[in-house]
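Step one of this worksheet: look at the structure below.
Laboratory data are not the source of any read-out in this text; all were calculated from the coordinates shown. Computed from a predicted structure; not experimentally measured. Cβ sites come from the backbone with ideal geometry, for glycine too, and all protein chains shown count toward neighbours.
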Amino acid sequence: MKRLLSVGFFAFAMLAGAAEVSVSARFGPPPPPPREVIVVRPGPRHVWVPGHYFWDGRRYVWASGYWTVPPRGRAGWVPGRWERRNGMHIWVEGRWR
């Protein structure tokens with residue numbers, strides 16, 4: 001009886017250890033962007049990178065826009081955007097083109 005109990009416990013422990021837990025959550029889209037005040041361009045080569053919302057794990061947080069110099073010549077900024085994928089909103093980072 002002890003041996004059967006030991007084998008049963010061992011089998012249960014093996015199966016419990018192999019169990020996989022998955023959590024998924026769906027969040028709504030970010031709120032509309034707040035009105036940004038764009039200050040005077042600091043120099044002729046500067047490009048405005050607009051602000052955007054990002055998800056911090058609990059809520060949407062606004063990251064303000066800023067002026068920056070492109071990494072090369074006349075590169076243009078392609079703003080980031082929210083896309084809906086598999087029923088979830090995913091942030092696609094902005095990039096230089």
Task: Estimated vicinal HN-Hα couplings, Hz - segment 50-67 in sequence order (Karplus 6.51, -1.76, 1.60; Gly, Pro = x) - done: x, x, 7, 8, 9, 8, 9, x, 10, 7, 7, 10, 7, 9, 5, x, 7, 8
TODO: Would you mind ranking 66, 53, 60 so that the residue whose beta carbon has the fewest other beta carbons within 10 Å leads the list?
DONE: 66, 60, 53
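Give me the net charge for the shell around residue 73: Cβ to Cβ below 12 angstrom, other residues only, Lys and Arg +1, Asp and Glu -1.
On the way: positive: 45, 72, 74, 97; negative: none.
Once positives and negatives cancel, what remains is +4.
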Task: Nonlocal amide H pairs with residue 53, under 5 Å, H built at 1.01 Å - done: 63
